[in-house]
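Take a look at the structure below.
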Amino acid sequence: MILGLEFPPISHVTNWPEFALENSDYFGINKVVLIYGFAVLFTFLIFILGNKKQLVPTGAQNLAEISVEFIEDGIVMETIGPKGVKYTPLLMSFFFFVFFCNIFEIVPFIQMPATARIALPMFLALFAYVVYHGSGFIEHGPIGYIKHALIVPDVPIAMHLLLVPIEFVSKFLVQPFSHAVRLFANLLAGHILLVTFATLSSALWAKNAGLLILPLPAAAVVAFTAFELMVSFLQAYVFTLLAGVYIGAAISHEH
Amino acid sequence: MSLSVLAQEAAASGITDKGIAALTYGLGAIGPGIGIGYLVGQSVQAMARQPEAAGMVRTTMFLGIAFVEALALIGFVVFFLAQ
């Protein structure tokens with residue numbers, strides 16, 4: 001209850017009833033699963049449409065080529081370097097999958113970001129975790145990689161007592177957690193923001209109370225929808241960028 | 001003033017756990033707020049001084065924002081866990 005208006009509790013904002021296979025223990029299909037499906041489909045579409053190899057690209061091929069260029073020049077080259085080109089498809093699917101999951105936040109009649117449930121960000125962050133530590137192991141060998149990850153060069157010997165535990169906790173425990181929570185919390189916050197102003201508008205409309213103050217929350221819904229469009233792009237970019245940074249840190253040779 | 005005194009005070013004046021959670025999130029958002037403001041301000045200055053380096057500065061800026069923002073967002077999650 002804020003200002004005499006009923007706000008839905010947080011569990012009502014992100015939990016959805018299942019509409020198929022309700023009685024199964026493991027395979028219920030609800031709105032969020034549907035969004036995963038759409039996002040996978042659209043991500044595949046980008047890859048398939050970009051697969052045409054016309055010399056002069058048209059339409060969808062244009063979009064696909066621009067996005068490959070964006071991922072390769074903007075993320076891969078900046079964070080991993082020229083030897084990271086083989087990670088471009090992975091990072092591109094990260095970017096588009098996360099972006100499509102996010103963008104359903106503002107698609108009318110769906111209006112739920114799939115990334116506002118911790119399951120998806122956590123899975124993606126753990127997937128990235130396996131990829132970057134795995135490529136580090138392959139690049140440096142098991143012993144070499146542990147040494148590369150934990151030991152900070154050019155510090156006095158005694159400092160290692162302090163630095164090795166810190167590096168271990170931050171690289172192997174906190175890093176995937178913050179990678180997942182960053183995406184999750186941003187989208188959850190955005191979703192709650194939109195829900196709050198939408199509830200406020202509809203309550204004011206129903207009470208027929210404030211035709212004078214109704215335009216304010218209604219305009220805020222519109223403005224925040226535009227803001228969330230930017231956020232969903234930016235968070236997909238940041239998630240991909242961080243995956244790139246972590247891969248780059250794992251396979252770099254210079255200290 | 002000890003914590004128990006604060007808790008008694010809170011109980012007497014009708015401050016709820018939810019209110020304290022909200023207040024604490026507000027406190028936790030101060031640091032990242034200052035951090036992001038400083039970071040973006042410096043980045044804008046760097047871009048204005050050296051427009052040809054704008055792309056590089058922008059990537060690094062988003063990276064820095066992501067790291068600073070994590071603190072505020074962890075606070076946001078803790079807010080929901082605490083209430």
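One table, with the values for the structure above:
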quantity	calculated
Residues within segment A:63-89 that are hydrophobic (A, V, I, L, M, F, W, C), surrounded by 20 or more Cβ atoms within 10 Å (Cβ to Cβ) and assigned to a helix (DSSP H, G or I), tallied	4
Members of segment A:139-171 that are charged (D, E, K, R) and out of contact with any helix residue (DSSP H, G or I) (no Cβ under 9 Å at 6 or more places or on another chain)	A:Asp154
Out of A:Phe239, A:Phe233, sole residue that is in contact with a Phe, Trp or Tyr (Cβ under 7 Å, 6 or more places away or on another chain), surrounded by fewer than 17 Cβ atoms within 10 Å (Cβ to Cβ) and within 14 Å of chain B (Cβ to nearest Cβ)	A:Phe233
Test: B:Ala21 is at pLDDT below 85 and either closer than 20 Å to A:His191 by Cα or within 14 Å of chain A (Cβ to nearest Cβ) (or both)	yes
Any hit, segment A:172-191, residues being buried (at least 18 other Cβ atoms within 10 Å of the Cβ), away from chain B (no Cβ under 14 Å) and either closer than 30 Å to B:Ala72 by Cα or at pLDDT below 90 (or both)	no
Restricting segment B:68-83 to residues that are more than 8 Å from chain A (Cβ to nearest Cβ) and free of Cβ contacts under 8 Å to residues at least 40 places away in the same chain, the residue that is farthest from B:Met47 (Cα to Cα)	B:Leu81
Residue count, segment A:78-113 (criterion: within 21 Å of A:Phe42 (Cβ to Cβ) and acidic (Asp, Glu))	1
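Residue by residue, here is whether (1) of a type in the set (Gly, Ala, Ser); (2) in contact (Cβ under 8 Å) with a residue 40 or more places away in the chain; (3) more than 30 Å from A:Tyr145 (Cα to Cα) holds:
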site	(1), (2), (3)
A:Leu194	no, yes, yes
A:Leu200	no, yes, yes
A:Leu214	no, no, yes
A:Ala223	yes, no, yes
A:Ala226	yes, no, yes
A:Ser232	yes, yes, yes
A:Ala243	yes, yes, no
A:Gly248	yes, yes, no
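The values are calculated or read from the model by the stated rules, or taken from the named source; none is laboratory data. This structure is a prediction, so every number in the text was calculated from the model and none was measured. Ideal geometry is used to build each Cβ from the backbone, glycine not excepted, and the neighbour counts take in all protein chains shown.
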